[in-house]
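The values are calculated or read from the model by the stated rules, or taken from the named source; none is laboratory data. All values derive from a computational prediction rather than experimental measurement. Heads up, the Cβs are rebuilt from the backbone with ideal geometry, glycines too, and the neighbour counts pull from every protein chain shown. What goes into the accessible areas is simple: the full protein's heavy atoms, side chains included, and nothing from ligands, DNA or RNA. Shrake-Rupley method; radii C 1.70, N 1.55, O 1.52, S 1.80 Å.
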Amino acid sequence: MIKRNCSDFRDPLALKCLYTSLVRSLLEYAPLIWDHNNVGHNDQLEKIQNKALRFLCHKCNIQRLPHSGYDNILKLLNLESLNVRRHLSYNTFLTKLLNNEIDDSFLLSQLNFKVNSHYTRNNHLFYIPHSPKNQTHPT
């Protein structure tokens with residue numbers, strides 16, 4: 001739809017706004033529910049973003065090497081990859097859950113944190129290092 005209706009557009013900011021509102025919003029819909037852990041699915045989503053950015057580069061005369069990645073274009077347009085945005089969404093949700101901004105006792109009960117039992121305080125007043133086995137102690 002953007003290609004058909006916006007063929008005369010040359011402003012990168014306008015095309016970026018159209019992309020983020022019409023395309024990226026669909027690609028990022030409910031990542032916590034869909035949980036795209038499958039690499040093939042993630043690659044398909046990234047290909048859609050890459051195709052949209054190729055179109056944007058073509059329309060705005062932004063130089064890009066054929067068959068190259070689009071990291072430079074993302075930086076130029078101040079965008080992140082979909083993978084980075086998914087991880088940001090996961091981390092934001094987890095932070096809100098842990099800070100009780102989201103009230104869901106079931107999800108909290110499903111979290112399984114492994115905490116190493118490393119004590120930072122010693123029970124003894126002074127630290128006495130253990131001596132090697134073969135070392136003799138003066139009596």
Hey, can you tell me all the residues within the range 1-13 that are surrounded by 13 or more Cβ atoms within 10 Å (Cβ to Cβ) and farther than 15 Å from TYR70 by Cβ? ILE2, CYS6, PHE9
If you take the residues of the range 77-131 that are among the aliphatic types (A, V, I, L, M) and part of a loop (DSSP other than H, G, I, E, B), which of them is modelled with the lowest pLDDT? LEU125
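Sort out which residues of the range 1-36 are of a type in the set (A, V, I, L, M) and more than 14 Å from ALA52 (Cβ to Cβ), and write them in order of number. Don't jump to the end; show me each part of the working.
Taking the range 1-36 as the starting set, the residues that turn out to be of a type in the set (A, V, I, L, M) are 1-2, 13-15, 18, 22-23, 26-27, 30, 32-33.
Passing the criteria: LEU13, ALA30, LEU32, ILE33.
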Any idea which residue in the range 60-95 is least open to solvent (accessible area, probe 1.4 Å), counting only those that are touching an Asp or Glu at 6+ places or on another chain (Cβ under 9 Å) and of a type in the set (D, E, K, R)? ARG86
Within the range 47-73, how many residues turn out to be at pLDDT below 85 and either in contact with a His (Cβ under 9 Å, 6 or more places away or on another chain) or over 20 Å from CYS6 (Cβ atoms) (or both)? 9
Residue count, the range 40-58 (criterion: surrounded by 10 or more Cβ atoms within 10 Å (Cβ to Cβ) and of a type in the set (Gly, Ala, Ser)): 1
Quick one: what pairs do we get from the range 51-65, first residue within 15 Å of LEU79 (Cα to Cα), second surrounded by 13 or more Cβ atoms within 10 Å (Cβ to Cβ) and of a type in the set (Ser, Thr, Tyr), C-beta under 9 Å, 6+ apart or different chains? ALA52/TYR19; LEU53/TYR19; LEU53/TYR70; ARG54/TYR70; LEU56/TYR19; CYS57/TYR70
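I'd like the full set of residues that are without any contact (Cβ under 8 Å) to a residue 24 or more places away in the chain and either under 21 Å from ASP71 (Cβ atoms) or crowded, with 16+ Cβ neighbours inside 10 Å (or both), limited to the range 18-39.
Of the residues in the range 18-39, the ones without any contact (Cβ under 8 Å) to a residue 24 or more places away in the chain are 18, 21-22, 25-26, 29-30, 33-35, 37-39.
Hits for the range 18-39 are LEU18, VAL39.
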